[in-house]
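Some notes on the structure that comes next.
The values are calculated or read from the model by the stated rules, or taken from the named source; none is laboratory data. All values reported here derive from a predicted model rather than from experimental measurement. No Cβ is skipped: glycine too gets one built from the backbone with ideal geometry, and neighbour counts run over all protein chains shown. We work out accessible area using only protein heavy atoms, side chains counted, and drop any ligands, DNA or RNA first. Shrake-Rupley method; radii C 1.70, N 1.55, O 1.52, S 1.80 Å.
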Amino acid sequence: MSHTSSLNTSAFMAELMAKNPAEPEFHQAVHEVVESLDHFLDENPKYKHARILERITEPERVIMFRVPWVNDKGEMRVNRGYRIEMNSAIGPYKGGLRFHPTVNLGILKFLAFEQVFKNSLTTLPMGGGKGGSDFDPKGKSDNEVMRFCQSFMTELYRHIGPNTDVPAGDIGVGGREIGFLYGQYKRIVNEFTGVLTGKGLNWGGSLIRPEATGYGNVYFAQEMLNTLGESFNGKTVLVSGSGNVAQFTVEKVNDLGGKVVTLSDSSGYIYDPDGISPEKLKYVMFLKNNKRGRIKEYADKYGVKYVEGQRPWGEKGDIALPSATQNEINETEAITLVGNGCKCVSEGANMPSTPEAIEIFIDKGILFGPGKAANAGGVAVSGLEMAQNSMRLNWTREEVDKRLQLIMHSIHKTCCQYGTKDNGFINYVDGANIGGFVKVADAMMAQGAV
Ligand code: NDP
């Protein structure tokens, strides 16, 4: 816990940690929010009297279930499934499903907690949730993934619905998995409804949904750069990850005249000093989405540097857009980044910077966009997918992209409203936490003891 914690924050955290043991990521996410809210709650005691912090950190419902499935060799396998229904004060629970061997209850609670604030910031009527499984799709055949998804949905279907809880994709859950999950839901419930987002375009999906998180993060970073009269044009950009978010981040940075020199996966990173051109990006998409290969193959194909077991933060760049996973930039890496001239960090992933790294970014006064603001474009377009499903209409690519840009602009404005300090510095962490909190807290107060 940071040395700047007040007595109030420390006492609250001690109680939360005793009540939720062995969930370090959840503690980390809550701690960041309560630190941001400290003064705000002193100035607005009605939230304290209503015990909003105690309520907002307690999930409305946690569902854990067995997911049995049979592999291609006919052997029985068992994974654990989860859905955290965190908060429904401003709309149905909404948030992705993560399939990754690292998934556990604490990680999903951190993600569901972050989602509550993020969804509130989007201006759309969505509550917060998150779910997933410790199932690892890597190395599994399409049939194995399908059998797993069908088994997962055979339990999950009873807890979700278009007006109750609307899951989406996250790490390890892309178009293929959403398809299998949706097919099984429809068979069981016998309804064609917008119960999942990230659907295929010809069966209820929205244009720009796959692009939304990456594009949205670049739009958010662009808003931050604007405050200094800067832009992406001519800038060198470090990106981590090589999945959905990373790929469309590269696409949009290229559109805006920047040059992305790194990508990574959990095995290592590549460094391409000439930049990942649109043509090379096509190869990355094929490699990751069709061939389900490793990023090392990029280095083999284009003859560039590959660094096994490392993250890309030691390379030189003006802007960093972490887009892989939580806690992927530590204090040392943050010091290196800033020392190498990085002026802007905008989080495509959820909580990729450790608290110590964030402290460095803020102390050094660089532009730092926290994930709950910067990567909210994904869930925002999921919200737009829900709206289109309800109307049984499809908007054009331009219409959805325009709305996404407006939403990212509005999130940035909210961050400035709540995060601008007396000296003019914009603390986007405080801005996002307070801005996201107010709407949900007011709704909870209006709804009584919920
Ligand atoms: P993908 O599964 O498409 O890609 C994830 C990428 O991150 C892969 O390159 C993966 O490498 C890497 N990665 C995953 N776990 C680890 C790990 N423990 N250590 C190092 N690298 C890792 O997921 P997304 O692109 O959808 O998600 C990336 C991040 O963005 C996540 O934090 C997610 O929560 C966040 N996010 C995603 C949204 C979306 O719309 N998809 C919305 C908002 C946030 P490998 O293949 O080796 O595992």
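If I filter the range 359-369 down to residues being touching a residue at least 60 places away in the same chain (Cβ under 8 Å) and aliphatic (A, V, I, L, M), which single residue comes out as nearest to the ligand (Cβ to nearest atom)?
Ranking the qualifying residues of the range 359-369, first place goes to 367.
In this structure, is residue 300 out of contact with any helix residue (DSSP H, G or I) (no Cβ under 8 Å at 6 or more places or on another chain), farther than 30 Å from residue 24 by Cα and crowded, with 19+ Cβ neighbours inside 10 Å?
When the stated conditions are applied, residue 300 does not pass them.
What is the residue count in the range 28-44 for residues that are free of Cβ contacts under 8 Å to residues at least 60 places away in the same chain and over 12 Å from residue 441 (Cα atoms)?
Qualifying residue count for the region: 6.
Can you work out which of the residues in the range 375-406 that are small (Gly, Ala, Ser) and more than 16 Å from the ligand (Cβ to nearest atom) is most open to solvent (accessible area, probe 1.4 Å)?
Once the filter is applied, the top-ranked residue is 390.
Please name all residue pairs, on different chains or six or more residues apart, with Cβ atoms under 7 Å, provided the first residue is in the range 206-231 and is among the charged types (D, E, K, R) and the second residue is away from the ligand (no atom under 15 Å from the Cβ) and in a helix (DSSP H, G or I).
Short answer, once both residue conditions are applied: 223/409; 223/412.
Conditions (1) surrounded by fewer than 24 Cβ atoms within 10 Å (Cβ to Cβ); (2) closer than 23 Å to residue 408 by Cβ; (3) touching a Cys at 6+ places or on another chain (Cβ under 9 Å), marked per residue:
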position: 305; (1), (2), (3): yes, no, no
position: 318; (1), (2), (3): yes, yes, yes
position: 338; (1), (2), (3): yes, no, no
position: 351; (1), (2), (3): no, yes, no
position: 362; (1), (2), (3): yes, yes, no
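Given the conditions (1) open to solvent by less than 10 Å² (accessible area, probe 1.4 Å); (2) out of contact with any Ser or Thr (no Cβ under 8 Å at 6 or more places or on another chain), report the number of the one that residue 409 does not fulfil.
Tallying (1) open to solvent by less than 10 Å² (accessible area, probe 1.4 Å); (2) out of contact with any Ser or Thr (no Cβ under 8 Å at 6 or more places or on another chain), residue 409 fails exactly one: (1).
Quick one: count up the residues across the range 428-450 that are under 17 Å from residue 227 (Cα atoms), in contact with a strand residue (DSSP E or B) (Cβ under 8 Å, 6 or more places away or on another chain) and touching a residue at least 60 places away in the same chain (Cβ under 8 Å).
2
Take the range 126-149 and flag every residue that is assigned to a strand (DSSP E or B) and on the phi > 0 side of the Ramachandran plot.
Scanning the range 126-149 gives a single hit, 132.
Within the range 173-183, identify whether any single residue is among the aliphatic types (A, V, I, L, M) and within 12 Å of the ligand (Cβ to nearest atom), and answer yes or no.
Looking through the range 173-183, at least one residue is among the aliphatic types (A, V, I, L, M) and within 12 Å of the ligand (Cβ to nearest atom).
Out of 237, 253, 261, which single residue is within 16 Å of the ligand (Cβ to nearest atom), touching a residue at least 40 places away in the same chain (Cβ under 8 Å) and under 23 Å from the mean Cα position of the chain (by Cα)?
The unique qualifying residue is 253.
Determine whether residue 372 is among the basic types (Lys, Arg), assigned to a helix (DSSP H, G or I) and within 16 Å of the ligand (Cβ to nearest atom).
Judged against the criteria, residue 372 is a match.
What helices (runs of 4 or more DSSP H) completely inside the range 1-120 contain at least 2 residues that are open to solvent by 30 Å² or more (accessible area, probe 1.4 Å) and either of a type outside the set (Lys, Arg) or assigned by TED's automatic domain parsing to the domain that holds residue 324 (or both)?
7-19, 24-43, 45-49
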